[in-house]
Amino acid sequence: MTGVTGVDGSGAVLLETGRLRLRRFTGADADALTELDADPEVMRYLTGGRPTPAEVVRGELLPRLLAGYDRHPGLGRWAAVDRATGMFLGWFALDAPAAGPPSGPAAAGARPTPGVNQAELGYRLRRAAWGRGLATEGSRALLRHAFATVGLARVWAQTMAVNTASRRVMEKAGLRYVRTFHLDWDDPIEGTEHGEVEYELLRAEWAAREAA
(Lines give C-alpha, C1' and ligand atoms only; values in the text may rest on other atoms or scores of the structure.)
Protein backbone atom coordinates (compact mmCIF):
# COMPACT_ATOMS: atom_id res chain seq x y z
CA MET A 1 0.00 0.00 0.00
CA THR A 2 1.43 3.39 -0.98
CA GLY A 3 0.31 6.98 -1.22
CA VAL A 4 -2.98 6.74 0.69
CA THR A 5 -4.32 8.63 3.66
CA GLY A 6 -3.85 6.93 7.01
CA VAL A 7 -6.99 5.44 8.52
CA ASP A 8 -6.40 7.48 11.66
CA GLY A 9 -6.36 10.76 9.76
CA SER A 10 -2.57 10.99 9.86
CA GLY A 11 -0.11 11.47 7.02
CA ALA A 12 -0.09 9.47 3.82
CA VAL A 13 0.89 5.83 4.21
CA LEU A 14 4.06 4.74 2.41
CA LEU A 15 3.73 1.00 3.02
CA GLU A 16 2.49 -1.65 5.40
CA THR A 17 4.01 -4.89 6.66
CA GLY A 18 2.46 -7.62 8.75
CA ARG A 19 2.81 -5.56 11.92
CA LEU A 20 3.84 -2.06 10.86
CA ARG A 21 2.40 0.92 9.03
CA LEU A 22 4.91 3.47 7.77
CA ARG A 23 3.36 6.89 7.15
CA ARG A 24 4.45 10.46 6.68
CA PHE A 25 5.10 12.52 9.75
CA THR A 26 2.78 15.45 10.46
CA GLY A 27 3.02 18.47 12.73
CA ALA A 28 1.05 16.52 15.33
CA ASP A 29 3.95 14.09 15.84
CA ALA A 30 6.22 16.52 17.69
CA ASP A 31 5.45 15.11 21.13
CA ALA A 32 5.97 11.52 20.01
CA LEU A 33 9.34 12.39 18.48
CA THR A 34 10.38 14.28 21.59
CA GLU A 35 9.44 11.32 23.79
CA LEU A 36 11.37 8.93 21.55
CA ASP A 37 14.53 11.01 21.75
CA ALA A 38 14.15 11.50 25.50
CA ASP A 39 14.97 7.86 26.26
CA PRO A 40 18.69 7.65 27.12
CA GLU A 41 18.88 4.05 25.90
CA VAL A 42 17.41 4.97 22.52
CA MET A 43 19.96 7.78 22.21
CA ARG A 44 22.89 5.85 23.67
CA TYR A 45 24.80 5.38 20.39
CA LEU A 46 23.72 8.71 18.94
CA THR A 47 24.32 11.34 21.60
CA GLY A 48 25.62 9.29 24.50
CA GLY A 49 22.10 9.33 25.96
CA ARG A 50 21.40 13.06 25.79
CA PRO A 51 17.82 13.90 24.71
CA THR A 52 16.86 16.07 21.79
CA PRO A 53 15.28 19.24 23.25
CA ALA A 54 11.58 19.68 22.48
CA GLU A 55 12.22 23.07 20.92
CA VAL A 56 14.72 21.50 18.51
CA VAL A 57 12.22 18.82 17.52
CA ARG A 58 9.48 21.39 16.88
CA GLY A 59 11.56 24.16 15.39
CA GLU A 60 14.21 22.28 13.40
CA LEU A 61 13.85 18.51 13.14
CA LEU A 62 10.17 18.13 12.27
CA PRO A 63 10.03 21.01 9.75
CA ARG A 64 13.08 19.54 8.01
CA LEU A 65 11.44 16.11 7.83
CA LEU A 66 8.22 17.51 6.40
CA ALA A 67 10.06 19.55 3.77
CA GLY A 68 12.05 16.49 2.71
CA TYR A 69 9.03 14.71 1.26
CA ASP A 70 8.78 17.26 -1.55
CA ARG A 71 12.52 17.71 -2.02
CA HIS A 72 13.13 14.01 -2.68
CA PRO A 73 10.00 12.10 -3.77
CA GLY A 74 10.08 8.51 -2.61
CA LEU A 75 12.67 9.22 0.07
CA GLY A 76 12.42 10.58 3.59
CA ARG A 77 11.61 9.54 7.12
CA TRP A 78 8.38 7.80 8.09
CA ALA A 79 6.62 7.28 11.38
CA ALA A 80 6.31 3.60 12.30
CA VAL A 81 2.93 2.72 13.79
CA ASP A 82 1.75 -0.58 15.24
CA ARG A 83 -1.01 -1.73 12.88
CA ALA A 84 -2.87 -3.53 15.65
CA THR A 85 -2.88 -0.77 18.26
CA GLY A 86 -2.07 2.44 16.39
CA MET A 87 0.80 3.09 18.82
CA PHE A 88 3.73 5.19 17.62
CA LEU A 89 6.82 2.94 17.69
CA GLY A 90 9.49 5.14 16.15
CA TRP A 91 10.62 5.73 12.60
CA PHE A 92 12.36 4.32 9.53
CA ALA A 93 14.18 6.37 6.91
CA LEU A 94 15.68 6.41 3.46
CA ASP A 95 17.66 9.63 3.66
CA ALA A 96 18.87 11.23 0.46
CA PRO A 97 22.52 12.30 0.31
CA ALA A 98 22.93 15.74 1.87
CA ALA A 99 24.25 17.17 -1.39
CA GLY A 100 21.53 15.61 -3.53
CA PRO A 101 19.64 17.97 -5.86
CA PRO A 102 16.09 19.01 -4.95
CA SER A 103 13.16 17.69 -6.96
CA GLY A 104 9.58 18.71 -7.70
CA PRO A 105 6.33 18.02 -5.83
CA ALA A 106 6.12 14.53 -4.35
CA ALA A 107 3.79 11.96 -5.88
CA ALA A 108 3.03 8.38 -4.95
CA GLY A 109 5.68 6.12 -6.43
CA ALA A 110 7.64 9.06 -7.85
CA ARG A 111 11.33 8.59 -8.48
CA PRO A 112 13.96 10.98 -7.10
CA THR A 113 15.64 13.51 -9.35
CA PRO A 114 18.29 11.97 -11.62
CA GLY A 115 21.55 11.95 -9.70
CA VAL A 116 19.95 10.75 -6.46
CA ASN A 117 20.49 7.03 -6.94
CA GLN A 118 21.31 6.01 -3.40
CA ALA A 119 20.07 6.63 0.12
CA GLU A 120 20.92 5.87 3.72
CA LEU A 121 18.75 3.41 5.63
CA GLY A 122 17.94 4.44 9.20
CA TYR A 123 15.66 3.37 12.05
CA ARG A 124 14.93 4.43 15.59
CA LEU A 125 12.40 2.55 17.73
CA ARG A 126 11.05 2.90 21.24
CA ARG A 127 12.36 0.40 23.76
CA ALA A 128 8.90 -1.21 23.90
CA ALA A 129 9.45 -2.29 20.28
CA TRP A 130 12.90 -3.81 20.78
CA GLY A 131 13.54 -7.55 20.59
CA ARG A 132 10.50 -8.29 18.42
CA GLY A 133 12.10 -8.25 14.97
CA LEU A 134 10.31 -5.02 14.03
CA ALA A 135 13.47 -3.17 13.03
CA THR A 136 14.35 -5.96 10.60
CA GLU A 137 10.76 -6.19 9.31
CA GLY A 138 10.55 -2.49 8.60
CA SER A 139 14.03 -2.33 7.08
CA ARG A 140 13.34 -5.17 4.66
CA ALA A 141 10.13 -3.52 3.51
CA LEU A 142 11.88 -0.20 3.04
CA LEU A 143 14.65 -1.85 1.02
CA ARG A 144 12.02 -3.33 -1.29
CA HIS A 145 10.52 0.14 -1.67
CA ALA A 146 13.97 1.60 -2.36
CA PHE A 147 14.83 -0.82 -5.15
CA ALA A 148 11.49 -1.87 -6.64
CA THR A 149 9.54 1.39 -6.38
CA VAL A 150 12.06 4.24 -6.16
CA GLY A 151 14.64 2.54 -8.35
CA LEU A 152 17.72 3.27 -6.25
CA ALA A 153 21.02 1.63 -7.14
CA ARG A 154 22.40 1.43 -3.61
CA VAL A 155 21.28 1.66 0.00
CA TRP A 156 23.77 1.99 2.83
CA ALA A 157 23.64 2.24 6.60
CA GLN A 158 26.11 3.33 9.27
CA THR A 159 26.38 2.96 13.02
CA MET A 160 28.98 2.85 15.77
CA ALA A 161 31.11 -0.28 15.61
CA VAL A 162 30.09 -1.15 19.18
CA ASN A 163 26.35 -0.96 18.39
CA THR A 164 25.95 -4.70 17.91
CA ALA A 165 22.13 -4.63 17.98
CA SER A 166 21.93 -2.21 15.07
CA ARG A 167 24.55 -4.15 13.16
CA ARG A 168 22.49 -7.33 13.54
CA VAL A 169 19.49 -5.55 12.06
CA MET A 170 21.55 -4.47 9.06
CA GLU A 171 22.78 -8.00 8.50
CA LYS A 172 19.34 -9.59 8.91
CA ALA A 173 17.89 -7.06 6.49
CA GLY A 174 20.42 -8.19 3.89
CA LEU A 175 23.09 -5.50 4.00
CA ARG A 176 26.74 -6.53 3.99
CA TYR A 177 29.66 -5.06 5.89
CA VAL A 178 31.81 -2.69 3.83
CA ARG A 179 34.28 -0.94 6.13
CA THR A 180 35.20 0.45 9.52
CA PHE A 181 36.23 4.11 9.60
CA HIS A 182 37.02 6.78 12.16
CA LEU A 183 35.68 10.32 12.42
CA ASP A 184 36.80 13.30 14.48
CA TRP A 185 34.15 14.36 16.99
CA ASP A 186 34.17 17.54 19.04
CA ASP A 187 32.34 15.73 21.85
CA PRO A 188 32.99 11.98 21.44
CA ILE A 189 30.81 9.49 23.31
CA GLU A 190 31.79 6.16 24.83
CA GLY A 191 32.73 3.67 22.13
CA THR A 192 33.75 6.26 19.56
CA GLU A 193 37.33 5.04 19.74
CA HIS A 194 36.26 1.80 18.02
CA GLY A 195 35.06 3.69 14.97
CA GLU A 196 32.00 3.61 12.75
CA VAL A 197 30.91 0.82 10.41
CA GLU A 198 29.25 0.99 7.01
CA TYR A 199 27.00 -1.63 5.43
CA GLU A 200 25.42 -1.63 1.98
CA LEU A 201 23.11 -3.43 -0.41
CA LEU A 202 23.13 -2.93 -4.18
CA ARG A 203 20.00 -3.26 -6.30
CA ALA A 204 21.58 -6.06 -8.36
CA GLU A 205 22.29 -8.01 -5.16
CA TRP A 206 18.77 -7.45 -3.86
CA ALA A 207 17.21 -8.49 -7.19
CA ALA A 208 19.29 -11.69 -7.32
CA ARG A 209 18.16 -12.65 -3.83
CA GLU A 210 14.53 -11.94 -4.67
CA ALA A 211 14.76 -14.15 -7.74
CA ALA A 212 16.46 -17.03 -5.92
Review point. Within the accessible area of the chain, what % is carbon and sulfur when the probe is 1.4 Å and the other protein chains stay in place?
Key: 52 percent
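For the chain, what is the mean residue ellipticity at 222 nm derived from helices alone (per DSSP H run of n ≥ 4: -39500 (n - 2.57); sum divided by total residues; nearest 500 deg cm²/dmol)?
On the way: 6 runs with 52 residues, N = 212.
-7000 deg cm²/dmol, from helical runs alone.
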Point to revise | Relative packing of 30-36, 47-53, which averages over residues the other C-beta atoms within 10 Å, highest first | key: 30-36, 47-53
Exercise for review: Kindly report the accessible area of the chain per residue (heavy atoms of protein chains, probe 1.4 Å, no ligands, DNA or RNA), in Å².
Suggested key: 50 Å²
Exercise for review: Give me the distance in nm between label points sitting 7 Å out from Cα along the Cα-to-Cβ direction at Glu55 and Thr164, one decimal.
Suggested key: 4.0 nm
Point to revise | chymotrypsin sites (Phe, Trp or Tyr not before Pro) within region 152-212: DSSP coil, no more than 10 neighbouring Cβ in 10 Å | key: Trp185
Practice item. Quote the FRET efficiency, to the nearest 0.05, computed for Ala153 versus Phe181 with a Förster distance R0 of 30 Å and r equal to the Cβ-Cβ distance. Key: 0.90
Review point. Mind ordering 57-70, 81-94 by average Cβ neighbours within 10 Å, highest first?
Key: 81-94, 57-70
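What percent do you get for the relative contact order of the chain when only Cα pairs under 8 Å and 6+ apart count? Numbers along the way, then the final one.
Values: 386 pairs, mean separation 33.6, N = 212.
Reported as a whole number, the value is 16 percent.
The values are calculated or read from the model by the stated rules, or taken from the named source; none is laboratory data. Model, not experiment: these values are computed from the prediction. No Cβ is skipped: glycine too gets one built from the backbone with ideal geometry, and neighbour counts run over all protein chains shown. Just so you know, the surface numbers come from the protein's heavy atoms only, side chains and all, with ligands and any DNA or RNA stripped out. Shrake-Rupley method; radii C 1.70, N 1.55, O 1.52, S 1.80 Å.
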